[in-house]
Amino acid sequence: MKNNASLVYSLILVVGDFLALVVAFTGAYILRGPLSTVPVAHPIPAGAYLSIFLILLPFWILFFGLLGLYSSSIQEKRFNELGRLLIGSFVGLLFVISYGYAVNRTIFPARLVPLYGFILAFVFLVGFRNLARSARAYLYKYDIGITNILIVGNTKVATELVSSLSNSRVSGYRIVGIVGSKSHTPGRFPHIPVFDSFAEAVKKIHTGDIHSIVQTELYVAQVANNEILEFAQTHHIAYRFLPGNSELFVGNIAVELFRSQIPVIAVHQTALIGWGRIIKRLFDLLVSIVAFTILSPLLLLISLLILIFNPGAVIFKQKRITRFDNRFNAYKFRTMKRKYSNRDPAVVFKELGRQDLVKAYQNAQKLTNDPRISLFGKFLRRFSLDELPQLINVIKGDISLVGPRAVVPAELKYYENKGPMLLSVKTGITGLAQVSGRSNLDYYERAKLDLYYIQNWSFWLDLMILVKTLRVIFKRSGVR
């Protein structure tokens with residue numbers, strides 16, 4: 001039967017958010033009022049101040065709901081939740097201020113009160129939600145709030161699902177059964193019962209012990225699919241369908257009416273369409289122009305040091321591929337010794353008597369302690385300073401700040417059939433693959449992460465990757 005754990009958790013978040021906002025703006029009133037030595041401009045009794053907020057806060061909570069902050073799909077995405085809390089706090093404060101103007105009534109005793117309130121509200125909301133999340137995870141250890149799930153299907157996705165949800169104390173899910181072949185069930189989970197048919201599963205498992213059904217494949221016989229769906233609907237059990245072709249259905253999906261009468265599922269190659277492309281381009285231009293202006297003295301200094309320590313061309317140009325298979329010249333500070341620049345790596349390694357490096361380079365296109373790199377070049381690479389000239393590529397529109405790794409034409413063969421999908425968006429200076437391991441990842445792992453980014457793009461994901469890029473650079477992890 002239906003499990004109310006998720007609903008209860010959402011209600012707790014509603015109550016907690018409400019109390020966090022009350023405490024935040026009460027604290028702001030106290031900080032600027034009784035605890036301040038500076039007289040307030042508009043003395044307002046504490047009771048009148050608080051009563052206004054108690055009336056307006058339900059609308060503030062409504063804003064949070066419209067932003068999806070009480071949706072289970074957002075609760076597990078911490079960075080996404082953080083961004084929405086920030087927006088919700090700001091919009092809610094604007095609503096309170098607008099209400100004061102509309103009714104011609106002074107709400108805040110001093111100008112600093114709303115500022116203090118906004119800061120405290122965001123801090124308290126984030127703190128409360130982290131506590132709530134920790135408490136929920138703690139209760140899982142005592143079998144409280146666990147969702148029982150029945151998995152149906154003989155696909156690779158079913159196997160991955162079993163592996164990721166097997167530990168109920170971490171995932172919050174308990175697998176009560178699998179409908180499918182035992183060959184698709186991970187051998188390390190012998191305690192999970194496997195059934196040959198859906199009918200056998202629901203016969204042996206009490207209906208009340210099934211909270212959710214996840215089907216990972218559609219059967220050839222439509223009657224078998226109808227049996228599962230009708231069972232879920234009849235017993236008010238949550239139903240989800242995970243397509244076996246996961247690479248196809250994790251992009252931007254929309255349900256549309258084809259010719260205004262036939263429902264169809266439209267699957268776009270990437271979520272980066274429509275307004276998203278416009279916002280991303282404007283953000284790229286703003287950040288890259290500001291960054292280039294601020295960093296121009298550093299760029300000039302690096303150029304001068306290259307001329308001193310590694311005489312030759314300052315900028316290294318390399319043909320790379322971006323969206324729609326377009327070629328462009330990627331700009332980087334030259335880090336190789338002049339005599340090795342623009343030469344076939346395999347030929348150079350043979351000349352150096354290091355044939356062992358040829359295969360290693362072919363596997364990842366990068367090496368640890370590459371003998372072709374100058375001493376100053378190693379310093380530039382260590383802190384990713386050699387990438388700074390690519391800000392010009394961003395301004396020109398060749399690439400984006402965040403995107404899949406820009407590859408040279410010869411590297412496309414390593415991505416096999418993933419190449420066209422990777423080129424459905426602009427490549428980037430940094431990306432999900434870079435912040436998840438940088439040079440330590442092989443082509444398959446990079447492609448997998450880049451595909452996830454392409455199919456699940458969001459503005460918040462870009463911001464998260466940019467923040468993580470700075471952290472990776474300062475930690476100098478994965479640098480070669």
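Across the options Gly83, His42, Leu7, the greatest Cα extent toward the positive end of the charge dipole of the stretch 5-140 (unit charges at beta carbon of Lys, Arg, Asp, Glu) belongs to Gly83. Considering every alpha-carbon pair of the stretch 147-246, the percent of pairs per 10 Å bin, from zero through the bin containing the longest distance, is 16, 55, 28, 1.
Computed from label points 7 Å out along Cα-Cβ, the spacing between Val23 and Val220 is 6.1 nm.
Projecting label points 7 angstrom from Cα along Cα→Cβ for Ser72 and Val15 puts them 2.0 nm apart. Here the stretch 147-246 is assigned +1 on the Cβ of each Lys and Arg and -1 on the Cβ of each Asp and Glu. Its dipole about the Cα centre then comes out at about 360 debye. Under 5 Å between amide hydrogens, built in the peptide plane, is the criterion, and for Val152 it picks out Val179, Val214, Gln215, Thr216 among residues at least 5 positions away or on other chains. 3J(HN,Hα) along the stretch 463-471: 4, 4, 5, 4, 5, 5, 4, 4, 5 Hz, from the Karplus curve 6.51 cos²θ - 1.76 cosθ + 1.60 with θ = phi - 60°, whole Hz, x for Gly and Pro.
Amide H to amide H, with H built 1.01 Å from N, Tyr173 comes under 5 Å of Thr147, counting only residues 5 or more places away or on other chains. Applying the Karplus relation 6.51 cos²θ - 1.76 cosθ + 1.60 with θ = phi - 60° to the stretch 278-285 yields 3J(HN,Hα) values of 5, 4, 5, 5, 5, 5, 4, 4 Hz, where x marks Gly and Pro. Of the trypsin sites (Lys or Arg not before Pro) in the stretch 98-151, the ones in a loop by DSSP (not H, G, I, E or B) with at most 12 other beta carbons within 10 Å are Arg105, Arg111, Lys141. Computed from backbone phi with θ = phi - 60° and the Karplus coefficients 6.51, -1.76 and 1.60, the 3J(HN,Hα) list for the stretch 49-54 is 4, 5, 5, 4, 5, 5 Hz; x is used for glycine and proline.
Distance between the modelled labels on Ser36 and Lys337, one decimal in nanometres: 6.6 nm (7 Å Cα→Cβ projection).
Once the Cβ-Cβ distance of Val8 and Lys319 is raised to the sixth power relative to R0 = 60 Å, the FRET efficiency obtained is 0.55.
A short reminder: the numbers here are calculations on the coordinates, not readings from a lab. Model, not experiment: these values are computed from the prediction. A quick note on method: Cβ atoms are made from the backbone with ideal geometry, for glycine too, and the neighbour counts reach across all protein chains shown.
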